[in-house]
Amino acid sequence: MTPTRRDFVALLLGAPLAYACRGGGGDRGRTPPSALLDTGMTRGHTAVRDAATPPVVTAWRQARVVVIGAGIAGLTAAWELRRQGVTDVVVLELCDVAGGTARGGATDVTAYPWGAHYVVAPQPAQTDMIALLGEMGAIEGHDATGALIIDEALRCREPEERVFYRGRWYEGLYLDAGSTAEDRRQLAGFKREIDQWAAWHDASGARAFAIPTRASSPAPEVRALDQVSFAAWLDARKLTSERLRWLADYACRDDYGLLAADTSAWAGLFYFAARQRAAGAAPQSVVTWPDGNHALVRHLATGAAIETGVAVHDVREVAGGVEVVATGPQGPLGIRAAAAVVAVPGFVADRIVESRRGGPPAPKGDYGAWCVANVHLRDRPRERSRGSAPPAWDNVFRDSPSLGYVSATHQAGRDRGATVWTWYYPFPGDAAATRKQLAGAGAAEWTEVVMTDLERAHPGVRALVEHVEIAFWGHGMIRPRVGAVWGRRPPDLDTAARVQIAHTDRSSLALFEEAFDHGLAAARAIVGQLA
Amino acid sequence: MIRAGALYLNVFVVAICGLVYELLAGTLGSYLLGDSVTQFSLVIGLYLSAMGVGAWLSRRLDDTDLARRFLDVELAVAVVGGASAPVLFVCYGSVVHFQLVLLGFVGAIGILVGLELPLLMRLLEGQMTFKDLVSRVLTFDYIGALAAAIMFPLVLVPKLGLVRSSLAMGSANAVVALWGTWLLAPKLSAKGVLAVRIRAALVLAGMVVALVMADRFTSWAEDEMYADPIVFSDNTPYQRIVVTRGRAGFQLFLNGNLQFASADEYRYHEALVHPVMMAADAPPKKVLVLGGGDGLALREILEHPSVEQVTLVDLDPAMTGLSKRFPALAELNHHSFADPRVTVVNDDAMVWVADHPALWDAIVVDFPDPNTFALGKLYTKLFYKRVLARLAPGGAMVVQATSPLFARKSYWCIQDTIAAAGFSVHPYQVTVPSFGVWGYALAKRAPFTPPTHVPKLPLRYLNDDALVAMFQMPADMTHVDVEVNQLDNQALVRYYEREWRRWE
């Protein structure tokens, strides 16, 4: 039997909401028009996974460096090569647009993200990140203590978050209203733990949780945190307050697509401690753009020679360089270059990089699936004026498995009229099983799920929706399950290798700063070889 | 036999309702159209003559089914009278010939009330002597009028507001009619009783529903909150606009905050506009107004002969539309929206300023106080930086900056934020009786001395002495240390909320 929209709503949001969800008829009950975004998954499966033999190349092109993948890592590598004076760099991308999961879109109303939507304001040691933001004109100056001041227009506008619970919105993510003395005691206890870790340094001065993670201390007591789940770590400290645990779960779902019970405690603590400069310091500002990290993509891609719609089949080292075999929009494509950066997930690299094929299987990464919806509204629903927090950047439903929605117009200060809401839904379970369960879910089914979720807080919102775009990221991002961060940590790259691998899955954390770091490292290794 | 005693009570209630409708019409007419002598004369004259018409028409109704007709007339009074104030309220913003609608209601209610007494007297005919009948009916009728005259100003308007008073009277009419179906049962057919009861119940239900829905016009709390009766209100997508009218003129409120009182707004607006016009290096030709949808700052700006072009950016088309069309407001702002030099843009100032690169010789920033995050952004360093980028080299900007006395931190937060954005700032303040002590910030690109002379215009408040005095800050309003208001801390909204809470 074909599952109905209601079955999907029940599967993704729970049965009670599914039964409340109305059928067709009238503007209030209709499912708004919708479309699925091409995330490249089908193309990747057909061209790379299921292809029998690579095409035969007859004419070879030359390039100095080939970068495979125009996600953040690949674009960063190309950007760094450009900055170091390496010209003739070609970037090959499977999809029709650059950006990977940091893609974005735009309408007359606003630009909006398709995935990652913020970075944490860099700390002084993150010199490359500071250089990037400086190039973008995103740095206003330095304060009296010498600390960086990010452009006010990019520092996430207050109110940053609100959470919907039992009929009204509350400011912030942690639900303070109705908390008991014990809840508050535990929250304070948790903050003390974070403060302690934020201040922690090893003998060589490395922080326990640094951005990028490569700068973190490898000390045994820090690495031990990777061997327990974040939930178990909290249990061991008797931090069992429902409010605190909800926050911990939310943080893990939001950044990693996992529940706290499955997340490495190292990663869980990283989320809180890495963005705090010192004990007691306020977290570093959240830096965001209307289209989220796609603004970074736009900058990194400026001046890059990106060829889209290109499926790469083979990357091999040959005498004096590398050969890349691919299929482009015009047919087979071969490029000979001095070096290559393979900036694709490990499961793709294992198929396309010659030296990785047939070898001992690398430890399998764990990739989480995500659904992201962009809801185009012609106007905003009315808000309760009294006793409920006003619209924020990030609007979270406390009782939902979704992460809620981010308003694309919040940062620009456009508080009325048309807007785009980006709704996020991570699948904390097994990705393959999820994909199987969701077979048959098209744009309309997804849209019904999105509408039902939004209607928790905004009854009748669908009458204001012009259309909905859905992206299903089947292998959305690498996840830091227990043991993954240190246990799956790959050996450092051989800087002499002609083929450099750059991707967030080398860190087990799918964060901009990680992709950026790996892209830089790959580019710098190649610059060293070319010199 | 009919229970006559109970019917007198009926007469009493009908009399109260009738006079209340008349008073409501007169009040609304004089509030909205001004000239209360004319309005009240017209309403009373028309009402009484319409009652005469009703009385005259009553003879055309023959005696068959008289009780049912009487009750139907009562229900008609309930519907027309009850709906009168809500309908007039809605029409006020949109109908050009408001007066015709108003007089139409007065005429209709008058005719129906005029029909009522003769019909009732005919129903009671034969139950008592004629002299007793006339004496009693008229006694209750006139006493009812007295009760209405006392209730209207003392209870109804202050407690219920105009819309609810009208609906409450409509409900009372309907209750009396429903009750009448029992009183007059002997004179009604069994089928007729049921039909009238159903109609009465429907009207009553309608009135009660409307009473509940009346919150759309004005909430209970609002009617109690405002000292004067609400004569106009509108929930726009952006804000709640309320106009009240009292003895001292009318007041405009946005989201419950007083924007001006017609009695003393000249102090506020002269102090807002003339210093910035005099502070610019040359007499300003191009002036930008951000906020100020009431058009009162425009009025002052347009007095300056140097002004060639004014653009006013206000979020809410309902607000600028009201200022243009609402007779009392348009008169007060000297029809400034009709001036060919004026262009109105309905957009968010934060976004508009970023998108429109023209330069301005004078910029008047007159937003409501920063009591929400949506307004708070219009007081951030980022916003002032954007405004600075639009200020001509010798130009000047003025910002309304809440009260330096009631909200001292908020006031200085605004001053310091403007300075942090790169302006040179001079704080100043003025006393506006309906606001209290009110503050502004006068700012330019480079350090400057505030103006010492007022323009040669017919001003009511400002003269050279008052101008110089405004820039002196008394001891209880001097600088306090505050954070700069930025997008990611919204410090001002938090100061403001804490400070004003003390005075509420």
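Each DSSP beta bridge with both residues in chain B is either parallel or antiparallel, and the antiparallel ones are about 60%. For A:Trp169, the residues 5 or more places off, or on other chains, whose built amide H falls under 5 Å of its own are A:Ala389.
Averaged over the residues of peptide A:148-160, the number of Cβ atoms from other protein chains lying within 10 Å of each residue's Cβ is 5. Per-residue SASA remark: A:Asp50, around 90 Å² accessible (1.4 Å probe; ligands, DNA and RNA not included). For a quick check: with amide H placed at 1.01 Å from N, whose amide H comes under 5 Å from A:Ala261's, ignoring anything fewer than 5 positions away on the same chain? Amide H neighbours of A:Ala261: A:Ala231. Our Cα-only numbers for segment B:262-501 put the radius of gyration and Dmax at 16.4, 45 Å. Each residue of segment A:343-350 was assigned a 3J(HN,Hα) from its phi angle through the Karplus curve 6.51 cos²θ - 1.76 cosθ + 1.60 (θ = phi - 60°); the sequence is 10, 9, x, x, 5, 7, 4, 4 Hz, with glycine and proline shown as x.
Here segment A:162-210 has 51 percent of its accessible surface on carbon and sulfur atoms, given a 1.4 Å probe and all protein chains in place. Along segment B:345-357 the Karplus relation, 6.51 cos²θ - 1.76 cosθ + 1.60 evaluated at θ = phi - 60°, assigns HN-Hα couplings of 10, 9, 7, 6, 4, 4, 7, 4, 4, 5, 8, 10, x Hz to successive residues, with x for each Gly and Pro.
Note that segment A:240-253 has calculated 3J(HN,Hα) couplings of 10, 4, 4, 5, 5, 5, 4, 4, 4, 4, 4, 4, 5, 5 Hz, one per residue in order, obtained from phi through the Karplus relation 6.51 cos²θ - 1.76 cosθ + 1.60 (θ = phi - 60°); glycine and proline are x.
So which residues in segment B:468-504 end up with at least 50 square angstrom less accessible surface once the other protein chains are there, compared with the chain by itself, probe 1.4 angstrom? Hits at the 50 Å² cut-off: B:Leu487, B:Asp488.
Its Kirkwood hydrodynamic radius, worked out from the mean inverse distance over all distinct Cα pairs, puts segment B:4-218 at 17.4 Å. Solvent exposure of A:Arg351, expressed as accessible area, is near 110 Å², computed with a probe of 1.4 Å over the protein chains only.
Considering only beta bridges that DSSP places wholly inside the protein assembly as shown, some 65 percent are antiparallel.
Take the protein assembly as shown with all the other protein chains still there, run a 1.4 Å probe, and you get 40 Å² of accessible area per residue.
Computed from protein heavy atoms with a 1.4 Å probe, the total accessible area buried between A and B is close to 1700 Å².
Per residue, the convex hull around the alpha carbon atoms of chain B comes to 155 Å³.
Expressed as a whole percent, the accessible area of segment A:340-423 that falls on carbon and sulfur atoms is 53 (1.4 Å probe). Between 0 and 90 degrees, the angle of helix B:36-58 with respect to the longest Cα principal axis of chain B falls at about 20 degrees. Between the helical axis of B:408-420 and the longest alpha-carbon principal axis of chain B there is an angle of about 40 degrees.
Rounded to the nearest 10 square angstrom, B:Met121 shows an accessible area of 40 square angstrom against a 1.4 Å probe.
Both radii were evaluated on the Cα set of chain A; the Rg over Rh quotient, with Rh as the Kirkwood radius, amounts to 0.96.
Working with all protein chains in place, sort B:Lys187, B:Lys381, B:Lys286, A:Lys238 by solvent-accessible area computed with a 1.4 Å probe, largest first. Numbers along the way, then the final one.
Details: B:Lys187 90, B:Lys381 20, B:Lys286 55, A:Lys238 150 Å².
Solvent-accessible surface, decreasing: A:Lys238, B:Lys187, B:Lys286, B:Lys381.
Grouping the Cα pair distances of the protein assembly as shown into 10 Å bins from zero gives a pair-distance distribution of 2, 9, 15, 17, 16, 14, 11, 7, 4, 2, 1, 0, 0 percent in increasing distance order. Between A:Asp88 and A:Thr46, the contour length at 0.36 nm per residue exceeds the alpha carbon distance by 12.2 nm. Per residue of B:383-394, other chain Cβ atoms within 10 Å of the residue Cβ number 1 on average. Measuring nothing but protein heavy atoms, the accessible surface of chain B at 1.4 Å probe radius is 62 percent carbon and sulfur.
Over 29 Å apart at the Cα level, from the set B:Lys286/B:Lys409; B:Lys131/B:Lys187; B:Lys285/B:Lys324; A:Lys191/B:Lys409; B:Lys409/B:Lys444, are B:Lys286/B:Lys409; A:Lys191/B:Lys409.
The values are calculated or read from the model by the stated rules, or taken from the named source; none is laboratory data. Everything quoted here is computed from the prediction, not taken from an experiment. Every residue, glycine among them, receives a Cβ derived from its backbone with ideal geometry; neighbour counts consider all protein chains shown. All accessible areas refer to the heavy atoms of the entire protein, side chains included, with ligands and DNA or RNA removed. Shrake-Rupley method; radii C 1.70, N 1.55, O 1.52, S 1.80 Å.
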